[in-house]
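Read through the structure below, which is laid out as structure tokens, and then see the notes.
The values are calculated or read from the model by the stated rules, or taken from the named source; none is laboratory data. Note that the coordinates shown come from a computational prediction; the quantities given were computed from them, not determined experimentally. When we count neighbours, we look across all protein chains shown, and the Cβ atoms used for this are built from the backbone with ideal geometry, even at glycine.
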Amino acid sequence: MALHCTECGFANAEGANYCQRCGALLARGEGSAPGSDPVTATSRIDETGELIPVDIGEGGIGGPALVIRAGGGRVGESFPIAGERMSIGRRPESEVFLDDVTVSRDHALLIRRNDQWYLDDCGSLNGTYVNRERIESRALAEGDEVQIGKYKLTFHAR
């Protein structure tokens, strides 16, 4: 049985959590398995360009992370958040490097304030969006969708 995306109408394979065409979270109706939780597959890109699955359970990545959901052919790439701040932008030195002309060199900053993670726009031309709303600064919660340029990322607090 296919799951149809409520945003673009694409028929996705059974068991999919995100639309393969637009990356939107697929809604689960009455027919979904009781007690089932959505699952996000996480992988990293090795030196040969191959996707390597990453176990985010015990022994895997711990703590908060941003995971690319759509854009730039990097779906599934994960950025564990280490320290108190993390730069996001088109500058190759950025901790989250997003190579897209619609991303500013110093586009946004993920910063910890009082046990909460905030996403701050750094005066970017095209803006930073959380759950499709343009922001200047916003506290992030589990599952929030962050859009920067053509990239859609999901925030996981873990």
Does segment 91-98 contain any residue that is of a type in the set (Phe, Trp, Tyr), crowded, with 18+ Cβ neighbours inside 10 Å, modelled with pLDDT under 95 and farther than 25 Å from residue 7 by Cα? no
For residue 154, which of the numbered conditions (1) modelled with pLDDT of 95 or more; (2) assigned to a strand (DSSP E or B) fails to hold? (1)
Quick count over segment 113-158, residues being without any contact (Cβ under 8 Å) to a residue 24 or more places away in the chain, of a type in the set (A, V, I, L, M) and touching an Asp or Glu at 6+ places or on another chain (Cβ under 8 Å), is 2
